[in-house]
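Here the structure comes first, spelled out in structure tokens, and everything after it is commentary.
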Amino acid sequence: MIGKYKHQFRFLLIFGPKLVSLAAADLDPPYPMRLVSKEQTTCDTKLQFGYPFDGYFLYDYCTDLERSGRGQMRDLSGLNYHEALEDFLAARAKGALESILSRLSGTPVGLMQYEEVRRRFSGVESADRKLKEIPLDAIIGSLSRTKDFTRNLLPLNSEDKERWARVKTMMDDLSGLPPIEVYQVGQAYFIIDGHHRASVARESGARHIEAYVREVKTRVPLTPEDDFEDVILKSEFDHFLAKTGLDKSRPQVGLRSTIPDDHRRLLDQIARHQQILSAREKRDIPFEQAASDWVDHVYLPVVELLRARNVMQFFSDRTETDVYVWIMEYLWRSEQELGWKLTPRDAIQNFTFNYSRDIGHRLSRLQKKLIYAFAPAPLEPSLPPGFWRQFRKKTRGDDKGLFDSVLVALPGTDLGWNALEAALFVAQNEQAAVSGLTILPEKADPDAPAIQAIRSRFLQRCEQAGIEGRMAVETGQVRRVVYERSFWVDLVVAPMSYPPPYALLKRLNSGLRALIRRCAAPLLLVPSGAAPTIRNALLAYGGGRLADEALSMAAYLCLRFKMELTVITIGETDEATAALRRRAQTYLEAMTIRIVTYLQDYQNPARAILNACQSTHCDLVLMGGYEGGLLKELFKGSTVDRVLQDTRCMVMICR
């Protein structure tokens, strides 16, 4: 019987390495196989089609004959068709390998489902179709055969072998193939009809193929590089634009995100903004109008801060919208933890420091953890000079003052209330907010009547002064709590109850000394009986890096507060003292500050500063922090400590 139909059979040996490779790839045979004995075939047939396999020959029966069992078959014995089947086998093997790799990587291997994409984007299909050439690598999906081909159009289904081979043969025989039919979504294409033609064309090395194209209109276009995660992100963005209309009202604003669910969070923000606008204007504000106002007055100001401070260099793989969402969520969490109302600027600075991938920030975070874990409190190192100025640097063109936020420690004593008056004076001149902080022992009750009385008096005094006030109560070590919160403010105001003592061991345990070393913001210390206003300031200038920070602060206060300034320079020699004076004078004149009194002294620095305080009747002494190293400061003492012991006016320690 085999001999009778020998010219209508096509035989193919799958022998040795090919069988092993098929088994390893977990493939089904590419077409039906039969084992036939040597006696059942002729010599000619063996020479043309058969190959020995342990006394048997392996033959392929065409699908048409298998189904009918008899009858005349078309001639499939041509060499082109035979090679086409081999090409199919090779293509399917590559598709199987892609499938295995996709399982390991967790990424889908098949084409994307068109209906799912259209539904997500609410796409509008065009009734017209146009004939044009499209790039094969821009095909990313299918209308109905998503599991039969990979993203690279490799076949996955063994039942497609004959159809694939016939298409391949027609292409090789120059018989010509009709154009395929596709949907176009942005720059990506989804096959309606012609999967085999596209697969064969791509396997044959073609880059383009003729297609009838039906365009599907969406607000957010797809690209050939998009995977299903990108489709989800873009569909969320499409829904966001459909609801807000920002693609029409604010087309220049990007608002793209790389994180799922970000646009839902933005819609929640806009909904809250809509409620605020409606309550303020006492009428219903349309959602699209609220979205435009939100972009102008909420979103863009934060993005401008990100750009001005070059924050995106630390998050280069994310968009501005991604970072905006992170900042606002971090802001909300921090407000809950601190008990204060914070600004986006505060959140940007701290978020960047705590979460950026910059090597400098990472090392700083590691150092902070190691210090907290191993370093004794008296030996904790100070922050580098100029840290505060760099950390809290202003946006260009910002017409607000240097101090947007002032922290005042409130122990509930008369000295604490005098510190509050000093904080309010600064806040009134700077249009700043004042954050009150009361620190309690670990097991103290934060809702005790005495604490509530402090809160009530603080808020009442802020309201009388016309200053935005916010109060927080926290338990823990005073120096640690103030240090952590100093990163969120521009100035820390504290009553000077216990200045650092002279004795070494007592100075080691001084909380104020630790705060001077570690505070991340300038520290304004208010002793008992000090006037809480600033009209006349004394700058103690010694030429060190922290003294330069004090010089810069003195120039700002002169310009902002319109105060009188006296500069005292104390050097080891006459020449050194004169050089320090020229240096300070040059800087101040460059800042257009020329009405300055200059003093020079050659005695003990602390005594010279205290004498100058009495002679000039100053309200404020400006000094750098501990300039020397830790050991020098501990064993030889510090000018700062000696001044704090005996002064009766406020002292600002500059970082």
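Here are some notes:
- At the residue level, Asp230 shows approximately 50 square angstrom of accessible surface with a 1.4 angstrom probe and all protein chains present.
- Paramagnetic label zone (point 7 Å from Cα along Cα-to-C-beta, Lys217; backbone N under 16 Å) in region 121-140: 121-130
- FRET efficiency, 1/(1 + (r/R0)^6) with R0 51 Å, evaluated for Arg545 and Glu83 via beta carbons: 0.05
- Contact order normalised by residue count of region 523-655, Cα under 8 Å, 6+ apart, percent: 39 percent
- Cα shape, region 501-655, gyration tensor, a/c 1.5 rule: prolate
- Sequence ranges 125-131, 584-590, ranked by mean other-Cβ count within 10 angstrom, highest first: 584-590, 125-131
- Taking 0.36 nm per residue of sequence separation and removing the Cα-Cα distance, the Glu468/Tyr587 pair yields an extension gain of 39.4 nm.
- In this simple spin-label approximation, Arg163 and Arg362 carry label points 7 Å from Cα along the Cα→Cβ vector, and these lie 5.2 nm apart.
- Each of Gln252 and Glu304 was given a label point 7 Å from its Cα along the Cα-to-Cβ line. The distance between the two points is 1.2 nm.
- Spin-label model, Ala444 to Leu370: label points 7 Å out along the Cα-to-beta-carbon direction sit 3.5 nm apart.
- Portion, in percent, of the accessible area of region 91-219 that falls on carbon or sulfur, probe 1.4 Å: 46 percent
- Tensor-based shape of region 248-291 (alpha-carbon gyration tensor, a/c under 1.5 rounded, otherwise prolate or oblate): oblate
The values are calculated or read from the model by the stated rules, or taken from the named source; none is laboratory data. These numbers were taken from a predicted model, which means no experiment stands behind them. Positions of Cβ are generated from backbone atoms using ideal geometry, with glycine treated the same way; all protein chains shown enter the neighbour counts. SASA here: full protein model, heavy atoms, side chains in, ligands and nucleic acids out. Shrake-Rupley method; radii C 1.70, N 1.55, O 1.52, S 1.80 Å.
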